[in-house]
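Worksheet for the structure shown next.
The values are calculated or read from the model by the stated rules, or taken from the named source; none is laboratory data. For clarity, every value in this text was computed on a predicted model and none was experimentally measured. Please note: Cβ atoms are built from the backbone with ideal geometry, for glycine as well, and neighbour counts cover all protein chains shown. Only protein heavy atoms, including side chains, enter the accessible area calculation; ligands, DNA and RNA are left aside. Shrake-Rupley method; radii C 1.70, N 1.55, O 1.52, S 1.80 Å.
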Amino acid sequence: QVQLVESGGGLVQAGGSLRLSCAASGRTLSTNAMGWFRQAPGKERELVAAIKWIGGSTYYADSVKGRFTISRDNAKNTVYLQMNSLKPGDTAVYYCAADRWGTIVVKTTPRIWGQGTQVTVAS
């Protein structure tokens, strides 16, 4: 069973940067990709970015293109989300998730979730 542990959230001023990390343990062949989701109070959860472990193909939501970068370190089984030019609208709990690429990007219903990390962007 894959387990995910996120870190790196916090409070930052608008225009600032944060880097989130998600360490995966117990990788299996059934999870070939990782994704970052976020959920703000009163809003639906949304997919922010995703990456394949092999090949490194990526996906970004339009709202974060050009500002966020997802990357992975296969040796460390860790995925990162570098967030630059943060806006108050980026405030949310950010979750990493693991599953097959299509389940993350197309269905947006991955089976495996981390515990979440709060990101707050002050104006």
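Restricting attention to the range 79-108, the residues that are outside any loop (DSSP other than H, G, I, E, B) and in contact with a strand residue (DSSP E or B) (Cβ under 7 Å, 6 or more places away or on another chain) add up to 18.
Among residues of the range 41-57 that are of a type in the set (Val, Ile, Thr), those with a beta-carbon under 8 Å from a residue that is part of a loop (DSSP other than H, G, I, E, B) at least six positions away or on a different chain give the pairs 48/61; 51/57; 54/32. Applying the set (1) surrounded by fewer than 20 Cβ atoms within 10 Å (Cβ to Cβ); (2) charged (D, E, K, R); (3) out of contact with any Pro (no Cβ under 9 Å at 6 or more places or on another chain); (4) over 14 Å from residue 22 (Cβ atoms) to residue 90 leaves exactly one unmet item: (1). With respect to the conditions (1) of a type in the set (Ser, Thr, Tyr); (2) surrounded by fewer than 17 Cβ atoms within 10 Å (Cβ to Cβ); (3) touching a residue at least 12 places away in the same chain (Cβ under 8 Å); (4) in a loop (DSSP other than H, G, I, E, B), residue 120 falls short on a single one, namely (4).
Within the range 95-115, how many residues turn out to be open to solvent by less than 60 Å² (accessible area, probe 1.4 Å), touching a Phe, Trp or Tyr at 6+ places or on another chain (Cβ under 6 Å) and aromatic (Phe, Trp, Tyr)? Number of matching residues: 1.
Among residues of the range 64-92 that are in contact (Cβ under 8 Å) with a residue 60 or more places away in the chain, those with a Cβ under 8 angstrom from a residue that is part of a strand (DSSP E or B) and of a type in the set (Phe, Trp, Tyr), sequence gap 6+ or separate chain, pair up as 81/36; 81/68; 81/94; 82/68; 83/68; 84/68.
Among the residues of the range 10-56, the ones that are modelled with pLDDT under 95, part of a loop (DSSP other than H, G, I, E, B) and surrounded by 12 or more Cβ atoms within 10 Å (Cβ to Cβ) come to 6 in all. Going by what's in this entry, would residue 76 be described as more than 16 Å from residue 36 (Cβ to Cβ), among the basic types (Lys, Arg) and either open to solvent by 50 Å² or more (accessible area, probe 1.4 Å) or touching a strand residue (DSSP E or B) at 6+ places or on another chain (Cβ under 7 Å) (or both)? Criteria met by residue 76.
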